[in-house]
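Laboratory data are not the source of any read-out in this text; all were calculated from the coordinates shown. Just so you know, these numbers come straight off a predicted model, no measurement behind them. Neighbour counts run over all protein chains shown; Cβ positions are idealised from the backbone, glycine included.
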């Protein structure tokens, strides 16, 4: 058990600093903790004061209507907002016992622990299937052909793409169908052997069969990964996740066990949303 | 019919009006566009026809390989000029392309600050500079300092013309690469330079090559800066520190001579220059578009098979 000293980032620059916690967080049960995370674009908050804890080897779903900040929140778990010019993140994101937003750490190293699958398939267009899957490793200096071959087969099998591409791994990635491309992106994210997997509506471009395969993958991956998935599909959240967070207009309205959230929500707003009254 | 349905009917009938007129406008626009293209092509075509007609009669093996004969004799050739043009294009590209590409990468990938905005503006102005000024600049800082005309000075002047063009086109083609590829690379834990050079550049390659070829074509025909730097010569290349001949210089000198035979040789030299530029363009493009399946790709594959 590691006691933590809380050191909110951007203390100087932010008018409202994250409040000091009085007791150290017990991190042994949690893989990832987001604490008082606020993300703003050009001064307008897209996500406000969200605190979420993600248990190791669990699947957490984030649901909510369009524009509620699910994706924005997911992206700050991987410091993807570093690339957006006027985005500002306040608060803390802990991965194990490391604050991802502390100045001392190198985000590049920690991104290798956190894989990400995006909403739209984005395989590298100039690379083959094989090169896409291995890109994270090759471009980080892994050269052993035997290891790469093994990882390619492993990752593609986990993403349920192996059978469709095993005969032609040198084929260009853009020749695959949209659904295959998305599964390729999942394989690519898995190939760097992350500990946490962030998925931003990974099945929105897939047909029902591929979606089912992906969901099976997610449930199977749970044994080795901590998975956080953004989805519009509430049935999907029920099927794959252990915990669900419901977001609305940038706030985390409710967060708890999936079963409980869908059958016996605490908040009225959540009840309305999961029963399909709006969204 | 309720009012909303009625309004919808009105809207629909609006689209049915003036069909004949709209079709006519469509045709007129098409005709205008086509005739503008024809007008633009006529001078280009007539120049090409004129060059081919006059130039072909001048071309022979001797003309392509020999040094120039005495003025007006109609003897000799443009061998040194061809050699010089190839040398100066190659040398300028070796200097200008890497600097231009790197500047383009800076402007596109790190260009979100005041320094980059300043450089971008300066670069755009630089691109429009009259080439003779760059020639004078090279003359002042290299030729005058060293005390003699030289190939280096010419390559320096031409690479100055080249690099803003390459920088601008590189920047534009890198910006065309969707952010999602950079995001994917970032999420894989790749360093920024790896993402830029291994992912983004390879996706932007064809645009960058177009820019580089554009700049090669541009410097291939430059005359003014060469007058100030390599001067011209009637001998083959001897050293980097002596004057050298180049096709634009030779064309210029030949066309100034009052002899029909010299002017005919000028036409021939112009034809050779056009063919060299065309050849470089087609060759590079063919090499890159057919890298895997084309002639070169097949050669590489075969060699790989043999070595296995």
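Taking 7 Å along the Cα-to-C-beta vector as the label spot, tell me the residue B:28-residue A:55 distance in nanometres, rounded to one decimal.
7.4 nm
For every helix of n ≥ 4 consecutive DSSP H residues, a contribution of -39,500 (n - 2.57) applies; sum these over chain A, divide by its total residues, and give [θ] at 222 nm rounded to the nearest 500 deg cm²/dmol.
Value at 222 nm, helices only: -9000 deg cm²/dmol.
Return the whole-Å distance between the Cα centroid of the range A:258-279 and the Cα centroid of the range A:81-98.
Between the Cα centre of the range A:258-279 and that of the range A:81-98, the gap is 29 Å.
If you fit an axis through the alpha-carbon atoms of helix B:247-256 and take the longest principal axis of the Cα set of chain B, what angle between them do you get, 0 to 90°, nearest 10?
Result, in degrees: 70.
For the range B:58-129, what does the convex hull of the Cα positions come to per residue, in cubic angstrom?
In the range B:58-129, the Cα convex hull volume per residue is 128 Å³.
If we count other beta carbons within 10 Å of each Cβ, what is the order of A:251, A:99, A:106, A:149, fewest first?
A:106, A:149, A:251, A:99
Please report how far the C-alpha centroid of the range B:79-153 lies from that of the range B:202-253, rounded to the nearest whole angstrom.
About 12 Å separates the Cα centre of the range B:79-153 from the one of the range B:202-253.
Using 1/(1 + (r/R0)^6) with R0 = 22 angstrom and r between the beta carbons of residue B:86 and residue B:60, what's the FRET efficiency to the nearest 0.05?
Numbers: r = 20 Å, r/R0 = 0.89.
Step by step, r from the Cβ atoms, then E = 0.65.
Take residue A:106, project a point 7 Å from its Cα along the Cβ direction, then tell me which residues of the range A:126-158 have their backbone nitrogen under 17 Å from it.
A:136-142
With axes computed from alpha carbons, what is the tilt in degrees of helix B:19-58 against the longest principal axis of chain B, rounded to the nearest 10 within 0 to 90?
Orientation of helix B:19-58: about 10 degrees from the principal axis.
So what's Rg/Rh here for the protein assembly as shown, counting alpha carbon atoms and using the Kirkwood radius for Rh?
With Rh from the inverse mean 1/r over Cα pairs, Rg/Rh is 1.11.
Kindly list the residues of the range A:53-74 that lie in the label zone of residue A:260, defined by a backbone N under 18 Å from the point 7 Å along the Cα-to-C-beta vector.
Within reach of a label on residue A:260: A:53-56, A:58-63.
As a footprinting exposure proxy, order A:213, B:53, A:143 by other Cβ within 10 Å, with the fewest listed first.
So the ranking, lowest neighbour count to highest, is A:143, B:53, A:213.
In nm, give the distance between the simple-model label positions of residue B:14 and residue A:216, each being 7 Å from the Cα along the Cα-to-Cβ direction.
Result: 5.3 nm between the two label points.
Rounding to the nearest 10 and keeping the result within 0 to 90°, find how far the Cα-based axis of helix B:295-307 lies from the longest principal axis of chain B.
It works out to around 80 degrees.
Using alpha-carbon pairs under 8 Å, 6+ residues apart, how would you state the relative contact order of chain B in percent? Present the calculation step by step, with values, prior to reporting the outcome.
Values: 376 pairs, mean separation 74.5, N = 308.
Relative CO of chain B lands at 24 percent.
For the residues B:148, A:232, A:277, what sequence is obtained by ranking on other C-beta atoms within 10 Å, fewest first?
A:277, B:148, A:232
Quick check: pseudo-label points 7 Å beyond the Cα along Cα→Cβ at residue B:256 and residue B:141, how many nm apart are they?
For residue B:256 paired with residue B:141, the spin-label model returns 2.7 nm.
Taking a point 7 angstrom from the Cα of residue A:205 along the C-beta vector, which residues in the range B:174-207 have backbone N less than 19 Å away?
Residues passing the 19 Å test: B:176-189, B:199-200, B:203-204.
Taking a quarter of the surface of the Cα convex hull of chain B, what do you get in nm²?
Numbers: hull surface 114.8 nm².
With the hull built on Cα positions only, its mean projection is 28.7 nm².
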